[in-house]
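Trainee: Can you read through this structure? Questions will come right after.
The values are calculated or read from the model by the stated rules, or taken from the named source; none is laboratory data. Because the structure is a prediction, the values reported are computed rather than measured. Cβ placement follows ideal geometry from the backbone for every residue including glycine, while neighbour counts extend to all protein chains displayed.
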Amino acid sequence: MSKNLVDKLQVWGFEEGKLIFKDFSLASIFEIEAKDISCKTDEYLNSLKSQECHFLNSLPEGLNVQFVQMTTGGVDKIIDAHQKQMVEGADEITRELLSERVRKIQLQDQKNEIIRVKRLFVIRRKFITKPQNKNESFWKRIFSFIMRKPTPEVDIFSRAILDPELKSFSQLEDDMQKKLESLGIKSRRLSEDEIFKILYDQWNPGYVLPPGGYNAEDFRDHLILSDLIVSHKGFTINGVHHRVISLKMMPEKTFSTMAEKLKNLPFNSSLYLTINVLDQMKEDFALKTQRQIAYAMYSGKKGVQDLESAAKLQDIEAVLSKRVSGETKIFSVSLNVVLRNSDPDELDAQCAEVLSKFREISGAEGILETIAASYIFYEVSLPNARCTERTRPMNTEVLADFLPIYGEWLGHTKPRVLLKNKSKGLIGFDPFSPTHTNYNQLISGSSGAGKSYFGNILISNLMKESPQVFIIDVGGSYKKTTENFNGQYIPIGADSQISINPFDLSSTDIEAKDQKIKFLTSLVELMTKEEDEKGIRKLQRAEIEMMIKSIIQTNPEAKLSDLKNRLLESSDESVQKMGKILEPWCGDTPYGKFIDQKTNLSLDKKIVCFDLKGLENLPDLQAVCLFLITDLIWREVQKDKINQKFVIFDESWTLLDNDAGAKLIESVFRTFRKYMASAIAISQSIEDFADSKIAKAIFSCSSVKWILRQNTSRRELVQKVLSLNDREMDLIDSVTSKKGYFSEAFLISGDDKQVVKIESTPLEYWLSTTDPIDMKKMDELKADYPDTLSLFKYLAEKYPHGAS
């Protein structure tokens, strides 16, 4: 350890969670959430700039603040939270899927393929009352002041001085958090241990923090365990090479949210924007002096027009005008990027990348520091929040454009599903997040975009929590998933020997009976309405509802035949007609065996899948069957208000595109939230929702929307139906997928919108694939393996991205 390096540290230690420095100043560090502006309109961005200017103008004089953007790795926290969601007693395939998913992500993290960006906000202020060294004479203090010598450390730190300073600084902390909140930025003050861990990694790269602990009051000797070796390119700490890049030349023109271009810096880099709020009276005096010089140069040349002096004079007068009106302040600002890497060649490439990003900001130029690199690092490194080199004055409007507060949405608190964003970050998704007004979801994508595959991957992520899953499918896309999770797969055809009695009640209370009356009336409407009719008239509806109510009250084992007979007995010919139309649906007829018998179906598995593919040639029965199954599932959902439930309508919901079906789906989507249930509607195209009678119910009651690859010819329709702006449409246009690797989607999660990527592990891929070549390969090898899990493990190892 180098004692000289310890002496260069400005900080002493902690006091009540605050950092104390040798120059009698206090500091705090906050972790802040980035603002995701990728989908915001120009009007919003302009409004945001006004808020940023107000924030900067409200900073008190003498305050030092620093925005830090640290690009690192580390996914342990989100992985642990994801694993903790698994319930006890999970089956083997669920444990295997989770284990493989975690191993894959941890391996990617080790290879630096997953990026985690931490954003910090540092505030530092000198003591209002500065302590004096009791052994220092008055004349010595005067001499030190004249010669600008550093003030020696005090012998005694009086609590009478410190306590009021701590109290005052606490008020400043609260005030700064409120100011950040006014920008829409959430902040959290870091604890002493969190700060020390960051500082330890900063000064000891590659070392693991020992469990021993540290002296909080003076942790300097515990902080520095490595020597710093200066070179002509930068410096090295513990064998890790460091480079420092500073802003050398300002951009020709700044613009709102310009700093967003610097949000994706190389791995293991730290960006520091260090700000000192200057004495504004001194700055006003300096501006007036500059104005006089510029005016003299402009007016002093007889008969010659000095355009440069005229422009400079105009700029100074504009700033002075805003200073007089209080619209702007003057700050001293430095912008530095510190990169570190054990491989010097990789580090050189990263430096070139950062210099290139600087040039993207309207022609700004950065400079790769040489001998000055270590000195600048001493100044800007955490928690100092100060810099005297490479600084430049900026007014409020310019500085606002440099604030590095933009980034990606970080996801939900509970990472039930793991996703990635475009910046290689790992985020968590929670369908039951309290930020959602409801828990329903919509998945849309063109043919071949991977909708069913996407749905299967979602299920495999969620099954670790043992939810109840119901699937209504047309085509067998979920058969493998259902069977491998020991679920109940129910293919329905004309000869399936399945019966569902629509008169079954989930409860005998008044609310359940009223719901059943409405449901049965809608069922009669669905079965009897002619194509040219709008629906049942009010008088007919009232009479039918009275009949149903009477049957339910008098006959607990009622069937559709009982209602048919009552309809035939009516004096109203139109009601009698409905009874005659119901005759093919009753008794020992092909349809009657399904709907006019005692229910012989029990839903006793955690995952249940109904496949209506076998009824494609019987569209009337298919629609009625879906209607009955939806009601059956609805009754199962109502039995429990605590445990998670998912109901997936994969294309099948379009069969209910009529008045009766719309009422049922609307009821389901509007009330599922009460029962901790999420309805998921999957459609091939947004057009299905645009042209549907139930679109309003599905759209308004779906907080989550997954937009996969869309047909480009329908771009305008997609934008209109989803009410998206041009930026959001550009993101949808960028959505892609790679078979066997990942599927991207534009995720709308409440107010948060972002392109996300869901990656499958090899085991998840083989569990979810419906590719014909993959299915053929599975059939070829089935006989060689005792169970499907063993088969999937072999295929995952042999063909991790599919057989094709």
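Here's the yes/no breakdown for (1) under 30 Å from residue 671 (Cβ atoms); (2) surrounded by 23 or more Cβ atoms within 10 Å (Cβ to Cβ); (3) outside the structural domain of residue 235 (by TED's automatic domain parsing):
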site	(1), (2), (3)
415	yes, yes, yes
424	no, no, yes
437	yes, no, yes
440	yes, yes, yes
444	yes, yes, yes
456	yes, yes, yes
465	yes, no, yes
471	yes, yes, yes
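Trainee: Related question: Is one or more of the residues making up segment 211-231 buried (at least 19 other Cβ atoms within 10 Å of the Cβ), assigned by TED's automatic domain parsing to the domain that holds residue 337 and assigned to a strand (DSSP E or B)?
Mentor: Within segment 211-231 (the criterion being buried (at least 19 other Cβ atoms within 10 Å of the Cβ), assigned by TED's automatic domain parsing to the domain that holds residue 337 and assigned to a strand (DSSP E or B)), the answer is no, since none of the residues qualifies.
Trainee: Given the conditions (1) surrounded by fewer than 20 Cβ atoms within 10 Å (Cβ to Cβ); (2) more than 27 Å from residue 441 (Cβ to Cβ), and given that residue 739 satisfies all but one, which numbered condition is not satisfied?
Mentor: With (1) surrounded by fewer than 20 Cβ atoms within 10 Å (Cβ to Cβ); (2) more than 27 Å from residue 441 (Cβ to Cβ) applied to residue 739, the lone miss is (2).
Trainee: Here is a further query. Of all residues in segment 337-370, count the ones that are touching a Phe, Trp or Tyr at 6+ places or on another chain (Cβ under 7 Å) and farther than 19 Å from residue 201 by Cβ.
Mentor: In the first step, residues of segment 337-370 are kept if they are touching a Phe, Trp or Tyr at 6+ places or on another chain (Cβ under 7 Å); the result is 338, 364-366.
If we keep only those that are farther than 19 Å from residue 201 by Cβ as well, we get 364-366.
Of the residues in that region, 3 qualify.
Trainee: Okay, moving on. Does any residue in segment 588-602 that is over 15 Å from residue 615 (Cβ atoms) come within less than 6 Å, Cβ to Cβ, of a residue that is among the aliphatic types (A, V, I, L, M) six or more places away or on a different chain, and which pairs are these?
Mentor: 596/560; 599/500; 601/498
Trainee: Another one. When you scan segment 615-645, how many residues do you find that are within 31 Å of the chain's Cα centre (by Cα) and outside any helix (DSSP H, G or I)?
Mentor: The total comes to 7.
Trainee: Separate question: Which condition number does residue 548 fail, the rest of (1) assigned by TED's automatic domain parsing to the domain that holds residue 661; (2) part of a helix (DSSP H, G or I); (3) touching a Leu at 6+ places or on another chain (Cβ under 7 Å) being met?
Mentor: (1)
Trainee: Just the residues that are among the aliphatic types (A, V, I, L, M) and not in a helix (DSSP H, G or I), please, taken from segment 529-540. So that I can check it myself, show each step before the final result.
Mentor: Of all residues in segment 529-540, those among the aliphatic types (A, V, I, L, M) come to 536, 539.
Answer for segment 529-540, where residues must be among the aliphatic types (A, V, I, L, M) and not in a helix (DSSP H, G or I): just 536.
Trainee: Still on this structure, please answer the following. Report whether or not residue 16 is out of contact with any strand residue (DSSP E or B) (no Cβ under 9 Å at 6 or more places or on another chain) and either over 30 Å from residue 258 (Cβ atoms) or touching a residue at least 40 places away in the same chain (Cβ under 8 Å) (or both).
Mentor: Working: out of contact with any strand residue (DSSP E or B) (no Cβ under 9 Å at 6 or more places or on another chain): yes; either over 30 Å from residue 258 (Cβ atoms) or touching a residue at least 40 places away in the same chain (Cβ under 8 Å) (or both): yes.
Spelling it out, residue 16 is indeed out of contact with any strand residue (DSSP E or B) (no Cβ under 9 Å at 6 or more places or on another chain) and either over 30 Å from residue 258 (Cβ atoms) or touching a residue at least 40 places away in the same chain (Cβ under 8 Å) (or both).
Trainee: State yes or no: is residue 368 more than 28 Å from the chain's Cα centre (by Cα), hydrophobic (A, V, I, L, M, F, W, C) and modelled with pLDDT of 90 or more? Spell out the reasoning first.
Mentor: Details: more than 28 Å from the chain's Cα centre (by Cα): yes; hydrophobic (A, V, I, L, M, F, W, C): yes; modelled with pLDDT of 90 or more: yes.
Answer is yes for this residue.
Trainee: Let me ask something additional. What is the one condition in (1) farther than 30 Å from residue 226 by Cβ; (2) at pLDDT 75 or above; (3) of a type in the set (A, V, I, L, M, F, W, C) that residue 275 does not satisfy?
Mentor: The single condition residue 275 does not satisfy is (1).
Trainee: Tally time: how many residues in segment 224-261 are under 20 Å from residue 115 (Cβ atoms), hydrophobic (A, V, I, L, M, F, W, C) and in contact with a Phe, Trp or Tyr (Cβ under 8 Å, 6 or more places away or on another chain)? Write out each step before concluding.
Mentor: Of segment 224-261, the ones under 20 Å from residue 115 (Cβ atoms) are 240, 242-243, 245, 259-261.
Now narrow it down to the ones that are hydrophobic (A, V, I, L, M, F, W, C): 240, 245, 259.
Within this subset, residues satisfying the condition of being in contact with a Phe, Trp or Tyr (Cβ under 8 Å, 6 or more places away or on another chain) are 245, 259.
The number of residues fulfilling the criteria is 2.
Trainee: Sort out for me the helices (runs of 4 or more DSSP H) sitting completely within segment 390-497 that have 3 or more residues that are under 18 Å from the mean Cα position of the chain (by Cα).
Mentor: Values: elements: 396-400, 451-462, 479-484.
Per the criteria, 451-462.
Trainee: While we're on this one: Checking the conditions here, which among 576, 597, 540 is farther than 18 Å from residue 632 by Cβ, polar (S, T, N, Q), surrounded by 17 or more Cβ atoms within 10 Å (Cβ to Cβ) and out of contact with any Gly (no Cβ under 7 Å at 6 or more places or on another chain)?
Mentor: Values: 576 fails: surrounded by 17 or more Cβ atoms within 10 Å (Cβ to Cβ); 597 fails: farther than 18 Å from residue 632 by Cβ.
Only one candidate passes the filter, namely 540.
Trainee: The conditions are (1) basic (Lys, Arg); (2) under 20 Å from residue 702 (Cβ atoms); (3) not assigned by TED's automatic domain parsing to the domain that holds residue 484, and residue 753 fails exactly one of them. Which is it?
Mentor: (3)
Trainee: Could I ask something else about it? Here is a check on your reading of the model: is residue 709 closer than 19 Å to residue 458 by Cβ and either part of a strand (DSSP E or B) or touching a residue at least 12 places away in the same chain (Cβ under 8 Å) (or both)? Let's see the steps before the verdict.
Mentor: Numbers: closer than 19 Å to residue 458 by Cβ: yes; either part of a strand (DSSP E or B) or touching a residue at least 12 places away in the same chain (Cβ under 8 Å) (or both): yes.
Taking the combined requirement at face value, the residue satisfies it.
Trainee: Of the conditions (1) without any contact (Cβ under 8 Å) to a residue 24 or more places away in the chain; (2) of a type in the set (Asp, Glu); (3) assigned to a helix (DSSP H, G or I), residue 543 fails just one. Which one is it?
Mentor: (1)
Trainee: Still on this structure, please answer the following. Report yes if residue 112 is in a loop (DSSP other than H, G, I, E, B), modelled with pLDDT under 70 and over 30 Å from residue 787 (Cβ atoms), otherwise no.
Mentor: On the way: in a loop (DSSP other than H, G, I, E, B): yes; modelled with pLDDT under 70: no; over 30 Å from residue 787 (Cβ atoms): yes.
Considered against the rule, which asks whether it is in a loop (DSSP other than H, G, I, E, B), modelled with pLDDT under 70 and over 30 Å from residue 787 (Cβ atoms), residue 112 comes out as no.
Trainee: Which number in (1) of a type outside the set (A, V, I, L, M); (2) touching a residue at least 40 places away in the same chain (Cβ under 8 Å); (3) out of contact with any helix residue (DSSP H, G or I) (no Cβ under 6 Å at 6 or more places or on another chain) marks the one condition that residue 528 misses?
Mentor: (3)
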